[in-house]
Amino acid sequence: MSEKNNLSGTEKIKVASQGLRGTLKESLRDAHTGAIREDDQALVKFHGMYMQDDRDRREERSRKKLEPLFSFMIRLRLPGGFLTADQWIGLHHVAGKYSTGTIKITTRQTIQLHGILKSHTKPTISAFNTMHLDSIAACGDVNRNVTCASHPKESPLHEEIYQFAREISAYHLPKTRGYYEVWMDAEKLVETTEEDPLYQDRYLPRKFKIGIAIPPNNDVDVFINDLGLIAIIEDGVLKGYNFAAGGGLGSTHGNANTYARLGSMLGYLPKEQAMKAIYEVITVQRDFGNRGDRKQARLKYTIDKMGVDAYRAEVEKRCGFSFEPARPYTFTSRKDAYGWSQNHEGKWYYTLFVENGRVVDENNYPLKTGLLKIAETGKANFRFTCNQNLILSDIADADKAVIHQLLEEHQIIKSTDGASPMRRNSMACVALNTCALAMAEAQRYLPSLISKIEPLLQKHQLADEDIIVRMTGCPNGCGRSPNAEIGFVGTSLGKYNLHIGGDRLGERLNTKYKDSLDEAAILETLDGLFDVYVKERNAGETFGDFSQRKWIDAQ
Ligand code: SRM
Ligand code: SF4
């Protein structure tokens with residue numbers, strides 16, 4: 001079993017935390033600092049928050065002998081990434097009142113707010129609570145936000161699968177009521193049992209992520225999840241799911257024991273058995289995962305250590321039933337279907353491009369205001385995609401014209417239609433100025449880099465290619481750079497490793513091609529690669545597939 005004699009510091013904090021309460025209440029009351037106590041910084045993640053500081057202001061604050069400008073990032077738990085119009089309005093106002101004001105759509109289909117001062121954390125959580133929203137288990141060593149294919153056009157079964165994502169999330173929540181006691185001053189209920197058969201007192205060795213894809217679209221990037229479910233639909237009926245386990249993208253520069261990995265197929269199960277199997281995939285990781293070294297604690301390392309067959313056998317033993325061979329499925333796309341579309345019920349959907357998921361009014365583009373106005377009509381729901389975009393959803397035929405008008409007035413259609421294919425298929429993680437782990441810029445830099453790559457694409461007549469480009473400020477892979485066709489991975493300020501050879505559908509990781517390039521070297525290298533690609537590609541061969549064949553396999 002796990003490394004019981006060599007527990008990491010975080011393991012000890014979890015066990016001693018009394019249901020994730022720790023000393024959070026005391027930390028919040030301490031007005032002498034904007035920070036919370038060190039142990040509480042680990043626990044607060046389970047409540048959906050990270051303590052951060054403004055890295056742009058570190059030097060200035062240090063010169064003035066002030067403590068760093070501490071604040072909190074709060075991430076909502078939104079399985080399947082759905083908000084009603086009223087919830088969006090509430091979110092808009094909470095963001096304006098307590099955070100930097102920017103609403104950030106994440107790569108896992110939910111929302112983050114940044115820059116929330118300690119004294120504003122409780123009012124923020126309380127405000128969310130009144131909107132029936134919470135941030136429980138959005139971070140931490142538990143099953144996190146469950147992602148689910150976002151585009152309803154793809155299948156009439158979308159609703160059923162979306163509901164399953166919500167059920168998975170609810171079923172695997174920690175049982176502690178600590179969240180309500182800490183953030184909403186709820187009374188401790190003596191008669192309530194907090195026994196937690198799944199998480200016990202130690203929770204999981206590491207974060208755990210589940211995503212559900214509905215073929216033919218792999219918009220959730222199903223294979224990067226600890227557990228990816230692929231819906232198997234036969235004759236228009238949802239039969240069950242293929243289970244792919246052990247995905248994860250994070251690694252550490254210079255540490256070969258850490259690596260990105262795509263999930264391995266455990267097999268197929270009918271939908272009636274899926275919940276039980278999900279639960280037991282998690283309990284096996286709970287019991288066998290590495291609790292001594294957090295860099296080896298994700299499910300991907302447990303599976304590689306045990307072997308896929310042994311992992312599957314342990315899950316089957318606990319379930320009392322066996323996986324069948326994986327059933328056939330085909331992915332044909334990973335991107336969002338921009339613009340208007342109508343679903344099987346005649347409802348309308350507008351998918352808009354939100355560059356790097358940042359909903360804000362800036363550069364004369366009133367996106368945030370426009371979305372508020374749309375929400376105020378009450379005629380559209382809000383659905384987030386794992387590509388950091390937004391779908392205005394469930395719009396009645398009679399209401400389409402009103403929404404269209406508002407989209408036009410606020411330049412949203414112009415921005416979506418006007419973005420080049422490369423830009424529309426790009427993603428970047430948060431990175432600076434809030435991410436403590438960032439080595440380089442990502443969301444603040446990728447837009448301008450793409451503006452410099454676009455002329456190269458035009459020069460080589462590649463402007464219409466849907467090349468997937470992603471950037472992260474470090475090798476943790478939050479913007480899923482390790483499975484892009486072109487991945488930029490920050491190494492230091494202004495420098496990026498260039499990765500190529502990922503496929504377009506998310507079924508193959510890319511490989512590092514060049515180390516630590518600055519902007520000039522990135523542009524020069526891409527210019528050369530595009531030149532060869534145009535001259536030597538086979539008919540229909542994507543840039544990712546060509547790169548793999550030409551430069552990676554040949555290395
Ligand atoms: Fe992530 C840590 C942001 C998706 C792998 N991630 C972080 C932290 C919390 C930094 C930290 O630990 O102090 C970042 C907060 C930055 C900030 O200021 O907001 C952060 N991750 C994000 C988000 C917001 C990126 C974005 O721009 O959208 C994404 C939030 C998703 C969500 O809503 O839950 C986000 N992170 C991902 C993904 C992509 C995915 O899951 O689809 C990955 C790669 C998949 C995976 O999990 O392997 C990812 N984040 C990591 C890792 C590496 C974990 C590992 O085991 O290798 C870390 C570092 C860690 O956990 O130690 C990390
Ligand atoms: Fe931060 Fe690195 Fe994740 Fe980007 S990839 S948000 S820099 S941890």
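The values are calculated or read from the model by the stated rules, or taken from the named source; none is laboratory data. All values reported here derive from a predicted model rather than from experimental measurement. Ideal geometry is used to build each Cβ from the backbone, glycine not excepted, and the neighbour counts take in all protein chains shown. The protein model used for the area step is the full one, side chains on, heavy atoms only, and it has no ligands, DNA or RNA in it. Shrake-Rupley method; radii C 1.70, N 1.55, O 1.52, S 1.80 Å.
Accessible surface ranking for Glu362, Glu376, 1.4 angstrom probe, highest first: Glu376, Glu362. The length gained by stretching the chain between Asn364 and Glu408 to full extension, at 0.36 nm per residue less their Cα-Cα distance, is 14.4 nm. The portion of the accessible surface of the chain made up by carbon and sulfur, rounded to a whole percent, is 49 (1.4 Å probe; DNA, RNA and ligands excluded). Our helix-only sum for the chain, with -39,500 (n - 2.57) per DSSP H run of n ≥ 4 divided by its residues, gives a mean residue ellipticity at 222 nm of -9500 deg cm²/dmol.
For the pairs Lys104/Lys335; Lys45/Lys305; Lys295/Lys512; Lys97/Lys207; Lys12/Lys512, note any where the Cα-Cα span goes beyond 25 Å. From Lys104/Lys335; Lys45/Lys305; Lys295/Lys512; Lys97/Lys207; Lys12/Lys512, over 25 Å: Lys45/Lys305; Lys97/Lys207; Lys12/Lys512. Within the range 232-266, find all residues whose amide N lies under 18 Å from a label point positioned 7 Å from the Cα of Glu324 along Cα-to-beta-carbon. Zone members listed by number: 232-244, 265-266.
Rg and Dmax of the range 431-555, both derived from C-alpha coordinates alone, stand at 13.8, 44 Å. Of all aspartates and glutamates in the structure, those lying under 17 Å Cα to Cα from Lys400, and not within fewer than 8 positions of it along the same chain, are Glu345, Glu376, Glu408, Glu409. With a Förster radius of 35 Å applied to the beta-carbon distance between His253 and Ala463, the computed FRET efficiency rounds to 0.60.
Shown for the chain are the DSSP H helices of 24 Å or more along their axis, judged by Cα atoms, with a mean Kyte-Doolittle hydropathy of at least 0.0: 519-536. Would you work out if the chain is rounded, prolate or oblate? Take a ≥ b ≥ c from the square roots of the eigenvalues of the alpha-carbon gyration tensor; rounded if a/c is under 1.5, else prolate when a/b is larger than b/c, oblate otherwise. In terms of gyration-tensor shape, rounded.
By the beta carbon rule, with partners counted only under 4.7 Å, the chain holds these lone Cys residues: Cys139, Cys148, Cys319, Cys386, Cys435, Cys474.
In this structure the chain gives 40 Å² per residue of accessible area when probed at 1.4 Å with all protein chains present.
Full extension of the segment from Lys305 to Tyr171, taken as 0.36 nm per residue of separation minus the current Cα-Cα distance, would add 45.4 nm. The alpha-carbon positions of the range 188-316 define a convex hull whose volume is 151 Å³ per residue.
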